[in-house]
Amino acid sequence: MISDKESKHLAGIVSVSKSVWEDQKLTTTQDWAAQETPIAFEYNCVSHAVMMATPADLEDFAVGFSLSEGIVNSLDEILDIEIADAEHGKVVSMIIGAEQLDALKERRRNLVGRTGCGICGAETIDEALQIPTGRITTSTSIKHSAIQTALTRFSERQELNKEAGAIHAAAWCSEQGEIELLREDVGRHNALDKLVGALAKQKLSGAGSLERGFVLISSRASYEMVSKAAVLGAAVLVAVSGVTHLAVEIADKANMTLVGFSRPGKHSVYTCPERLV
């Protein structure tokens, strides 16, 4: 049974009881488990989506989701964000401008009368796949050794995953492989959305720069992960696990360097290898 009183200072994990069978005997003990909580996103008092996520860094999540889903194009188009407790989760209420709200309403109207809508609200394949319309022009040059440096520090920086496991991470790394910013979540897409939001807030305040560096993710690189990284304008995306063929195609179209199967001493480069030296 989960006990709120035993929750650690880290938001996103709670204490649970478990029984471990080992050496022919059963032992009951306490352990930490990752929280998976319904997070409802509202725009101008209208419910838009409910995501299952880790209830930490929710403002970053809201900003990143709004950007990566194309609901807004910049942070300043989100006029206000409020986070409130709900009976079984959290509600994140955002206020956006009239132009952005009209576009969102039009997207929702596209759903009416459809059956088997697939990727809901999408009318073309390019829209459904969130294929980037522009090409990344950043002349970033990253050393292979910098990727290896980031990998050696990646696990240590994942505070929630160290305690509970079952949690993905997305990090922004410098040209030297230093992990400058990291976000975690039970969902790999959510972790990247949180990173997108956190970086958007930094960039707006003038702190940090996205001109040089790379994104490192603990999961595979699917087309959605490439599309979200493209929203950042990230020139290099590094995945610990594998890549999908569509991720390779979209990364190539976006002029993004895509790296997969990143392990100590080895990684595979699928697109734009000229950025890595």
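Cβ-Cβ distances below 7 Å connect the following pairs, each with a first residue in region 20-39 that is over 13 Å from PRO55 (Cβ atoms), a second residue that is among the hydroxyl-bearing types (Ser, Thr, Tyr) and surrounded by 15 or more Cβ atoms within 10 Å (Cβ to Cβ), and a separation of six or more residues or different chains: GLN30/SER15; TRP32/SER15.
Modelled with pLDDT of 95 or more and closer than 15 Å to GLY233 by Cα, is that true of LEU192? Taking the combined requirement at face value, the residue satisfies it.
Can you tell me which of THR244, THR257, THR271 is touching a Cys at 6+ places or on another chain (Cβ under 6 Å) and of a type in the set (Val, Ile, Thr)? Checking each option against the conditions leaves just THR257. GLN202 falls short of the stated requirement of being without any contact (Cβ under 8 Å) to a residue 40 or more places away in the chain, of a type outside the set (Gly, Ala, Ser) and part of a loop (DSSP other than H, G, I, E, B). Residue count for region 250-277 under the criterion of being among the aromatic types (Phe, Trp, Tyr) and surrounded by 18 or more Cβ atoms within 10 Å (Cβ to Cβ): the result is 1.
Examine region 256-266 for a residue that is in contact with a Phe, Trp or Tyr (Cβ under 6 Å, 6 or more places away or on another chain) and outside any helix (DSSP H, G or I), and state whether such a residue exists. Yes, because at least one residue in region 256-266 is in contact with a Phe, Trp or Tyr (Cβ under 6 Å, 6 or more places away or on another chain) and outside any helix (DSSP H, G or I). Could you tell me whether ASN44 is under 25 Å from GLY233 (Cα atoms) and of a type outside the set (Ser, Thr, Tyr)? No. No other residue among ALA247, ALA234 is part of a loop (DSSP other than H, G, I, E, B), in contact with a Leu (Cβ under 8 Å, 6 or more places away or on another chain) and surrounded by 24 or more Cβ atoms within 10 Å (Cβ to Cβ) apart from ALA234. Scanning region 82-110 for residues that are under 17 Å from ALA11 (Cβ atoms) and crowded, with 16+ Cβ neighbours inside 10 Å yields GLY89, LYS90, VAL91, VAL92.
The values are calculated or read from the model by the stated rules, or taken from the named source; none is laboratory data. Keep in mind that what you see is a predicted model, and the values were worked out from it rather than measured. Quick reminder, even Gly has a Cβ in these numbers, built from the backbone with ideal geometry, and neighbours come from all protein chains shown.
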